[in-house]
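S.K.: Quick one: structure below, then a few questions.
The values are calculated or read from the model by the stated rules, or taken from the named source; none is laboratory data. Source: prediction; values computed, not measured. Neighbour counts are summed over all protein chains in view; Cβ atoms, including those assigned to glycine, are modelled from backbone coordinates with ideal geometry. Calculation scope for accessible area: heavy atoms of the full protein, side chains included, ligands and nucleic acids excluded. Shrake-Rupley method; radii C 1.70, N 1.55, O 1.52, S 1.80 Å.
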Amino acid sequence: MTKSFSLSVADVSKSFGPTRAVIDVSLDFRAGEIHGLIGENGSGKSTLLSMIAGIHTRDKGQMFKGGQPYDPVSPAHANEQGVSMVVQELGLVDGLTVAENIFLGKTDQFANRGVINLRKMHRAAEEAFAAWGISQVPLDVFASSLTVEEKKLVELVRALSTDPDVLILDEITAAFSHNNRTALYKLLAKLKAQGKLILFVSHNLPEALQLCDRLTVLKDGEKVDTLDSKGLTEDELKRLMVGREIKETYFYTPAKNENAEPVLVADGITVDGVLHNVSFELRRGEVLGLGGLSDSGIHELGKVLFGLTRADQGQVIFADTGERIDSLRKAINSGIAYVPKDRDTEALMVRATIEDNLCLPSVDAFVGPLGFLSPRKRKKFAGEQLEAFEIKASGIRQAVNQLSGGNRQKVSLASWLSRPNKIIILDSPTRGVDVGITANIYKLIAEVKQQGIGIILISDELPELIGCSDRILIMKNGAVARIFERAEGFSENSIVEVMI
Amino acid sequence: MKNRKLSWEHIIPFAGLVCLILLFTVLVGDKFWRPYNLKSILNQTVLYMFGGLGLIFVIAQGSIDLSQGAVLALSATISAILVNKYGLWLIFPSAILLGALFGLLNGVIISKLKVPSVTCTLAFSIAYRGLLPVFTRGGPIYVPFKLFDLYNFENMFPVLVLLTIIFGYLFEYTKVGYFSKAIGENEIKARNSGVPVEKMKIIAYVLCGIMAGIAGVFTLSRVGGVDVSIGNFFELEVMLAIFTGGVPVTGGMSTRIYRLFIGALTIGVLVNGLTLYGVSAALAEGVKGLMLIGLVFLAARFTAGKRAVTA
Amino acid sequence: MGDTHPMLQRFGKRRMQQVLVLAGLLLVFLIIHFATNFRFLTGRNMGIIVSHAVIPTFITWGLIFSFTSGMIDLSIGSIVVLASNFAGILGLKFGYVGLILGGLVAGVLLQALNGFVFLKTKIPPWVAGLGMAMIYESIGAVYSTAAVRSGGMVVSLGSQLRGLGQLPFNVLMLVPGLIAVYILFCRTSIGLNVRAVGSDLRVTKEMGIDPNRAKFLSMLVCGVFIGLGSAINQSYVGQLLPRTGLTTVSTIFQPLTAVLIASSMGAIFNVVIGVVIGTISLSALFNALTLLGVPSGTWQEVVLGMLVIAVTIVSMRGEEGVVK
């Protein structure tokens, strides 16, 4: 039996800095199948699909489409070769109308001497909505006025409008209501019957099992297995997704006092559309892990705790003084530190020297009479921190943008940890950081904990949360799903179950 | 490689100044080196330096003040009226206070209401210049003869030294300067680190206004009075001086006071040399325009690091 | 869920808002009419208001192309000066064809040069715009001195070719102008792409559009409208003396205010129409101020400056990001 693979990837790898997002993955996709990709956050699904859709270029390996080498350099280029993708994040231009969005970059087909025939374009859009059985969205309103679900529908139509052989859908159903889901399933069945290939990512396992012909499980950037979905159970899938020995070295030390008093109390925090009635306590000297899927609101919660985002309802109380933290100033004065996820744009002055970066949050410590900021004290302080945090650099005068990602992260952490804190909020502290420095950071977290400081660790990596936390708070759709205690023993399976 | 880039960044402004001096020595020879001429270069330069001592705080933050010339004009005009009414002693207090007030207005609107600094200060510049005829009522206003004595190097130099010490200290050795540079590097990081960003922006514009006021007093002394063209172009000369000294448009930690002085001297020499060589003021404007684009472009290329310059 | 189609609902709401805005404007005009002893809403005065709005309207139409992609070009005023004079020179030789062609050629060429400088040097557009303004003003002044030295003046149309700048032709020019700018901005890939670039750079790039190409093309289109505006301007004033000392920079103010007004009404009116409403309202405002005895060149400048700031404050409302 000879099978014609409509698309295949061979030994494809991709790294972002030291992070190996996809490692030597080989996959054959058949025409006329719905192929599901399953895995945790950071397992490499989106990266793999982005390479196929031309958004990222691979570091290594080969791709073939219809037997020919396939090397898209841009999404538009992939489009020309019959590959369309609806990405996970929102992909519409807010300032254009719906119809303009659908045909952006492809409007020449409606143009007569350069002038676009709007009626033709609208008719084509209407036909597309109707032909694919997708509920119509108004065509002449700005994309900014649409709901998330409507936006996703438009993106779907845009992807279909080029009549692709390969359609890639990255977590599209999460935003869909029941009837649109049903419509999508019908549509996919129809496309499948036409011999098209559909690559489908979903965190909804029952949906994936029911919809897909075959499923590929990815884990830590590597392919675990490709299986026929017939006869497969959810439990088997979950085991494949998470069953791993923890490779990284964690430096977990039990919290000194299991029942320490709280240092921070969150009470019914609500941010419209993002967080719903979130309540918890952070205790002195504990690491509280915050985990959840990408739309769970964990990163947003970190910003609320630091006073960066205002809560619409509820409050954050700093227990020592009973003060309500509702502004950045109060948070900083109460001794709360926040290391944001977006390191280069929010956590560092990348063009400036290591010295300036290290000194900025602690600047009050160098002020003498007449407001004199002693350069000598600053230099000494920076030199000490450089050594204490083992930052690899030519000296404190080196610009931060000449350092590796890991060392940049160390500078960012050091600038905060070197000042007197009561609470530290770390958002994805090991993102884009190599293994050695990751271990270093875990060690730091453990040390800081021993000083009686309360730590909130926000992370997309479950093993990291399990390895470092005393308690893990799992969020789902902006609400607290469950808090796990280390005493009960963290099991990856049970946590994933709550998360998904 | 990296260190070489860093050193280029330091060398270029100095080299530019030296080249310009050499060029004009060749082109206009003696006339350039006459003591009278050198003194007039310095006198002109001191005004740019006054303006720059204030503007450098704003530029360090990555913003701009295009209203300095108009603030100079309006505060000098109102001060001249007040001085004629109430006596000469009022000149500095009123000019400084008015400058500070106009600066405060800029600072509050830019920081609290999030109006881009280019738009806000340009709009005020137009508005203040629109107010000028209201005060001058068509004719020039003269100031007492006594004030004329102020505009010579022997009087201005001590003032410059004093102000340089105060503003230099504030800029290089206190939180105000340090925070301003941090805002220019990364406003989000600065805010997260506890820098009172809004307060710092207001302070910077107030300082900018104060220095425009002081420069206004010396301009009054030079011209002997006020007419509607007073302070025309001032903000651009000052800006040009700072950028010529190698300060990037985006501001940040590499903004240093000494660069202002190098830049101001370069602009002083350029303007003087072009005039001596017989180039008209209009053509000199074109040369300055070319220099502005060229120098900002070069400064962005040679600043430590490679962050792209964006709007 | 209502019975009406959601599309119809949105459409009806928009119509309603359009009527409301226009009614509000009419109400303001009526109030001014009473305040000025019934001198405001007369046929003659309306003619003056619309006439004064024509040239700013053309400049503003040009400006939306560059402003949409985030470029504030402070050299536009100096380009108008050069393009007007060039239009005048060609106009005296070739009549109206020369007048319009001269404005167009100068406008497009100078905007092309600006586009090249802005996009190649990557320095902030406002700095580059200031620099270019200084260069263009200098060129204008050199031309002016050369003309004086050879015993004459800068080009003057005298009584020739003045029709384009007068009623009714200047107002009639608005009609083809409106159609052209609407087609270019809303119905061609030039306008579409530059609107996309200005709104969301990342997605636009992913859709296979080259942002620099889109910006450059939009600068050229901007040049077309500035050139047309310059030709009408030359016909209107007859003779335009080049100015130096960056006095041309303030030319951008009225168009900028109109663009900000138009984009803040973007959900109600098409921005192209919004521009016309903006420029006519501004022209009416200054006209009313003059009727009320507020002198132009002084307090009116103050009003303009305050208006720019006020409109910007409104359009920046709810802005969360860093503003420099």
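S.K.: DSSP loop chymotrypsin sites (Phe, Trp or Tyr not before Pro) in the stretch A:343-405 with at most 15 other Cβ atoms within 10 Å of their Cβ, which ones? List each step's numbers first, then the result.
M.R.: Working: sites: A:Phe366, A:Phe372, A:Phe381, A:Phe389; in loops: A:Phe372, A:Phe389.
Counting only loop positions with at most 15 other Cβ atoms within 10 Å, the chymotrypsin sites (Phe, Trp or Tyr not before Pro) in the stretch A:343-405 are A:Phe372.
S.K.: Also: First select every other residue whose beta carbon is under 13 angstrom from the beta carbon of B:Cys120; then total the charges, Lys and Arg +1, Asp and Glu -1.
M.R.: Local net charge: +3.
S.K.: In square angstrom, what is the accessible area per residue of chain C with a 1.4 angstrom probe? Could you put the intermediate results ahead of the total?
M.R.: Working: 13750 Å² over 324 residues.
About 42 Å² of surface per residue is accessible.
S.K.: Using a 1.4 Å probe on the protein heavy atoms, what percent of the accessible area of the stretch C:87-215 belongs to carbon and sulfur?
M.R.: Details: 3860 of 5610 Å².
On the stretch C:87-215, the fraction of accessible area on carbon and sulfur atoms equals 69 percent.
S.K.: Please give the solvent-accessible surface of B:Ile81 in Å², to the nearest 10, using a probe radius of 1.4 Å with every protein chain present.
M.R.: Accessible area, nearest 10 Å²: 60 Å².
S.K.: Ordering B:Leu290, C:Leu90, A:Leu96 from largest to smallest accessible area (1.4 angstrom probe), what's the sequence?
M.R.: Result of the area sort, largest leading: B:Leu290, C:Leu90, A:Leu96.
S.K.: Let me ask something additional. Quick one: 3J(HN,Hα) in Hz for the stretch A:133-149, Karplus 6.51/-1.76/1.60 with θ = phi - 60°, rounded, Gly and Pro as x.
M.R.: Couplings: x, 9, 5, 5, 10, x, 8, 9, 9, 5, 4, 4, 8, 8, 7, 4, 5 Hz.
S.K.: Taking the solvent-accessible surface of protein heavy atoms with a 1.4 Å probe, what is the per residue accessible area of chain B in Å²?
M.R.: 38 Å²
S.K.: Which distance in Å, rounded to a whole number, links the C-alpha centroids of the stretch C:168-234 and the stretch A:29-72?
M.R.: 38 Å
S.K.: When Lys and Arg each count +1 and Asp and Glu each count -1, what net charge do the other residues less than 12 Å away from A:Asp170, Cβ to Cβ, add up to? It would help to have the intermediate numbers written out before the result.
M.R.: Working: positive: A:Lys45, A:Lys152; negative: A:Glu89, A:Glu155, A:Glu171.
Computed value for this residue: -1.
S.K.: Ok, one more. Show A:Asp344, A:Asp272 ordered by accessible area, largest first, where the area counts protein heavy atoms only and the probe is 1.4 Å. Mind showing how you got there, number by number?
M.R.: Details: A:Asp344 55, A:Asp272 110 Å².
I get A:Asp272, A:Asp344, largest accessible area first.
S.K.: Mind checking which of B:Ser40, B:Ser75, B:Ser94 has the largest fluctuation in a GNM of chain B, springs on alpha carbons under 10 Å?
M.R.: B:Ser40
S.K.: Report the relative contact order of the stretch C:50-247, percent, no decimals, based on alpha-carbon pairs under 8 angstrom and at least 6 residues apart.
M.R.: 43 percent
S.K.: Would you check the accessible area of C:Leu25, probe 1.4 Å, heavy atoms only, in square angstrom rounded to 10?
M.R.: For C:Leu25, solvent-accessible area is about 50 Å².
S.K.: Follow-up. Can you tell me the 0 to 90 degree angle between the C-alpha axis of helix A:178-193 and the longest principal axis of chain A, rounded to 10?
M.R.: 50 degrees
S.K.: Now for a separate question. Before we go on, tell me the buried accessible area for the B/A pair, both chains summed, 1.4 Å probe, in Å² to the nearest 100.
M.R.: 2500 Å²
S.K.: Follow-up. Taking a probe of 1.4 angstrom, what is the accessible area of A:Asp235 in Å², to the nearest 10?
M.R.: A:Asp235 exposes around 100 Å² with every protein chain in place.
S.K.: Follow-up question, since we're still on this one. Calculate one ³J(HN,Hα) per residue across the stretch C:269-277 by plugging θ = phi - 60° into the Karplus curve 6.51 cos²θ - 1.76 cosθ + 1.60, and present them in order as whole Hz with x for glycine and proline.
M.R.: 10, 4, 4, 5, 6, x, 4, 5, 4
S.K.: Another question, if that's okay. Looking only at B:Leu105, B:Leu207, B:Leu53, which one moves most when chain B is put into a Gaussian network model with springs between Cα atoms under 10 Å?
M.R.: So, out of B:Leu105, B:Leu207, B:Leu53, the one fluctuating most is B:Leu105.
S.K.: Related question: What value in Å³ per residue do you get for the convex hull of the alpha-carbon atoms in the protein assembly as shown?
M.R.: 203 Å³
S.K.: Moving to a separate point now. Cβ under 15 Å from A:Leu264's Cβ, A:Leu264 left aside: what net charge do those residues give with Lys, Arg +1 and Asp, Glu -1?
M.R.: 0
S.K.: For the interface of chains C and B, what total accessible area is buried with a 1.4 Å probe, rounded to the nearest 100 Å²?
M.R.: The buried area between C and B, both sides summed, comes to about 3800 Å².
S.K.: Which loop-located trypsin sites (Lys or Arg not before Pro) does the stretch A:250-337 contain, where loop means any DSSP state but H, G, I, E or B and the Cβ has at most 10 other Cβ atoms within 10 Å?
M.R.: Details: sites: A:Lys256, A:Arg283, A:Arg284, A:Lys303, A:Arg310, A:Arg324, A:Arg329, A:Lys330; in loops: A:Lys256, A:Arg284, A:Arg310.
Those satisfying the criteria are A:Arg310.
S.K.: Now, a different point. Please find, in a Gaussian network model of chain B (springs between Cα atoms separated by less than 10 Å), the residue of B:Asp149, B:Asp227, B:Asp30 whose mean-square fluctuation is greatest.
M.R.: Highest fluctuation among the options: B:Asp30.
S.K.: When the accessible area of chain A is split by element with a 1.4 Å probe, what percent falls to carbon and sulfur?
M.R.: That fraction is 49 percent.
S.K.: Compare each residue of the stretch A:395-436 in its chain alone against the assembly with all protein chains, and report those whose accessible area goes down by 20 Å² or more; 1.4 Å probe, heavy atoms.
M.R.: The answer is A:Asn401, A:Gln402, A:Trp416 - residues whose exposure falls by at least 20 Å² when every protein chain is included.
S.K.: Computing the accessible area with a 1.4 Å probe over protein heavy atoms, can you report the carbon and sulfur percentage for the stretch B:199-311? Mind showing how you got there, number by number?
M.R.: Values: 2310 of 3490 Å².
Solvent-exposed carbon and sulfur of the stretch B:199-311 make up 66 percent of the total.
S.K.: Per residue, how much accessible surface does chain A expose to a 1.4 Å probe? Answer in Å², no decimals.
M.R.: 41 Å²
S.K.: Further question: What value, in deg cm²/dmol to 500, does the helix sum -39500 (n - 2.57) over DSSP H runs of n ≥ 4 give at 222 nm once divided by the residues of chain A?
M.R.: About -9000 deg cm²/dmol.
S.K.: Residues of the stretch A:299-331 losing 30 Å² or more of accessible area relative to the isolated chain, 1.4 Å probe, heavy atoms only?
M.R.: A:Leu308, A:Leu328, A:Arg329
S.K.: Now for a separate question. Say each of C:Asn37 and C:Gln239 gets a label point 7 Å from the Cα, pointing the same way as Cα to Cβ; how far apart are those two points in nm?
M.R.: About 3.5 nm, to one decimal.
S.K.: Further, regarding this structure: Within the stretch A:76-156, report the GluC sites (Glu not before Pro) that DSSP leaves as loop and that have at most 11 other Cβ atoms within 10 Å.
M.R.: Sparse-neighbourhood loop GluC sites (Glu not before Pro): A:Glu89.
S.K.: Follow-up. With an 8 Å cut-off on Cα pairs and a minimum separation of 6 or more residues, tell me the relative contact order of chain B in percent.
M.R.: 34 percent
S.K.: At a probe of 1.4 Å, how much accessible area disappears from chains C and A on forming the pair, both sides counted, to the nearest 100 Å²? Don't jump to the answer; show the numbers that get you there.
M.R.: Numbers: alone 16790 and 22770 Å², together 37380 Å².
Using a 1.4 Å probe on protein heavy atoms, the buried area is about 2200 Å².
S.K.: Could you tell me which residue out of A:Leu211, A:Asn421, A:Ala128 lies farthest along the dipole of chain A toward its positive end? Charges go on the beta carbon: Lys and Arg +1, Asp and Glu -1, centred on the Cα centre.
M.R.: A:Asn421
S.K.: Here's another thing I want to ask about it. A drop of at least 30 square angstrom in accessible area, chain alone versus all protein chains together, probe 1.4 Å. Which residues of the stretch C:201-218 meet that?
M.R.: C:Arg202, C:Val203, C:Glu206, C:Met207
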